[in-house]
Amino acid sequence: MPRNTLRLAIAVSLLATPLLSACGGSSAASDEKAVTVYSADGLKGENGDGWYDKVFADFTKQTGIKVKYVEGGSGEMVQRAVREKSNPQADVLVTLPPFIQQADSKGLLEKYEPKDAVQVSGADKAVDGTWTSVVNNYFGFVYNKKELKKAPTTWDELLDGKYKNKLQYSTPGVAGDGTAVLIKAIHDFGGKDQALAYLKKLQANNVGPSASTGKLAPKVDKGELLVANGDVQMNYAQSKTMPGLGIWFPAKQGGKPTTFALPYAAGLVTKAPHSENGKKLLDFMLAQKQQQEVSEIGGGFSARSDVKAVDANAIALAKLMDGVDIFAPDWKDIDTNLASYVEDWKSATGS
């Protein structure tokens with residue numbers, strides 16, 4: 001979770017400001033009261049009512065630092081940062097796994113542990129301090145509640161002819177949530193070859209590639225699609241204004257529904273033009289108040305173990321996850337072999 005041609009929606013949070021000059025690292029740029037965030041989609045609301053909208057507005061009000069925001073699929077954000085490595089334009093990078101690990105391995109992230117990072121569990125932050133989860137999340141699927149009446153339950157159901165040209169998932173290797181489809185299928189079917197054999201069959205119903213997972217939920221809500229992939233935080237937040245959305249977790253035939261954690265992980269960009277402002281924003285996002293608002297406003301799960309949300313959203317999210325088995329992917333293996341997995345997926349599906 002990341003997310004066809006990718007829309008790089010550049011939205012300045014509440015305050016319209018000029019874009020950064022390309023003089024990354026100059027004293028003038030370093031002194032500028034701005035911070036640029038490259039992020040996977042899902043945390044910014046369609047109507048300015050998302051967690052990012054609230055956090056960025058509060059941050060600007062408190063510090064006077066304006067937030068400049070660039071959004072896309074997790075893979076695209078990392079690729080953009082790679083292209084700009086000799087002259088960085090972003091200060092903070094937020095992506096879903098395994099792309100945050102990929103960014104780290106490419107030297108895009110500088111070691112910085114936000115002030116309250118001690119409250120984040122070890123599995124949700126880098127051992128070397130280069131990234132920390134700011135919003136916890138889980139992979140999932142959505143379906144159209146009006147057309148289907150009840151959610152599908154298994155992967156095999158999606159092979160039915162009624163889903164032909166009514167099913168779509170975002171592109172592995174480009175979108176975080178698209179890559180998650182491949183990761184979950186490998187787990188559920190017991191191996192890469194079995195997963196690819198299934199996804200090859202599923203291709204008969206698949207509309208085609210999508211670089212942005214966030215674009216799929218509105219299509220499901222309108223009935224253009226019956227099923228698409230997504231993630232719990234983004235889709236739960238979207239369901240507030242898209243009443244046709246239902247969230248579900250595919251199971252292997254005869255098995256239990258499964259999912260895995262897919263957090264929004266943030267890191268400070270190496271040689272960022274506004275490094276100190278980036279550090280301040282990372283501290284702010286992980287602060288107690290902002291983390292308490294993750295479920296209430298963003299429909300997600302706090303990254304801090306000491307934040308116990310009891311709002312209506314938190315209760316509904318806990319109920320949604322009840323009975324779903326949560327597994328832990330081998331992120332080191334995935335980071336090492338992602339390119340070959342994606343190439344194998346392309347070969348299997350003809351994508």
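The values are calculated or read from the model by the stated rules, or taken from the named source; none is laboratory data. Here the structure is a predicted model, which means the values were calculated and not measured. Here Cβ is always computed from backbone atoms with ideal geometry, including for glycine, and neighbour counts include all displayed protein chains.
Kindly evaluate S275 against the criterion of being more than 17 Å from the chain's Cα centre (by Cα) and under 20 Å from L109 (Cα atoms).
Values: more than 17 Å from the chain's Cα centre (by Cα): yes; under 20 Å from L109 (Cα atoms): yes.
Considered against the rule, which asks whether it is more than 17 Å from the chain's Cα centre (by Cα) and under 20 Å from L109 (Cα atoms), S275 comes out as yes.
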* Structure fact -> Only one of (1) farther than 23 Å from S39 by Cα; (2) in a helix (DSSP H, G or I) does not apply to K308, and that is (2)
* Could you figure out which of (1) of a type in the set (A, V, I, L, M); (2) out of contact with any Gly (no Cβ under 7 Å at 6 or more places or on another chain); (3) within 22 Å of M234 (Cα to Cα); (4) buried (at least 24 other Cβ atoms within 10 Å of the Cβ) isn't true of A195? => (3)
* Asked: Picking from Y112, Y69, which residue would you name as being in a strand (DSSP E or B) and either in the same structural domain as R304 (by TED's automatic domain parsing) or at pLDDT 95 or above (or both)?
  -> Y69
* Structure fact -> Considering residues that are assigned to a helix (DSSP H, G or I), in contact with a Lys or Arg (Cβ under 9 Å, 6 or more places away or on another chain) and surrounded by fewer than 17 Cβ atoms within 10 Å (Cβ to Cβ), the number found within the range 312-336 is 0
* Return the residue satisfying two criteria in turn: it lies in the range 204-248 and is β-branched (V, I, T) and either part of a helix (DSSP H, G or I) or modelled with pLDDT under 95 (or both), and of such residues it is surrounded by the fewest Cβ atoms within 10 Å (Cβ to Cβ). => T241
* Structure fact -> Within the range 295-305, restricting to residues that are within 15 Å of D231 (Cα to Cα) and in a helix (DSSP H, G or I), the one that is modelled with the highest pLDDT is S295
* Breaking point among (1) modelled with pLDDT of 95 or more; (2) under 18 Å from A123 (Cα atoms), for V269 -> (2)
* To do: Test each condition in (1) on the phi < 0 side of the Ramachandran plot; (2) assigned to a loop (DSSP other than H, G, I, E, B) for G267 and report the one that comes out false.
  => (2)
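Looking at the structure I just gave you, is V118 modelled with pLDDT of 95 or more, closer than 24 Å to I297 by Cα, outside any helix (DSSP H, G or I) and not acidic (D, E)? Break it down stepwise before answering.
Working: modelled with pLDDT of 95 or more: yes; closer than 24 Å to I297 by Cα: yes; outside any helix (DSSP H, G or I): no; not acidic (D, E): yes.
No, not satisfied.
Do you know which residues across the range 121-173 are hydroxyl-bearing (S, T, Y) and assigned to a loop (DSSP other than H, G, I, E, B)? Reasoning before the result, please.
Step one: of the range 121-173, the residues hydroxyl-bearing (S, T, Y) are 121, 130, 132-133, 138, 143, 153-154, 163, 169-171.
Correct list: S121, T130, T153, Y169, S170, T171.
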* Is it true that some residue in the range 63-84 is crowded, with 23+ Cβ neighbours inside 10 Å, among the hydrophobic types (A, V, I, L, M, F, W, C) and over 21 Å from K125 (Cβ atoms)? -> yes
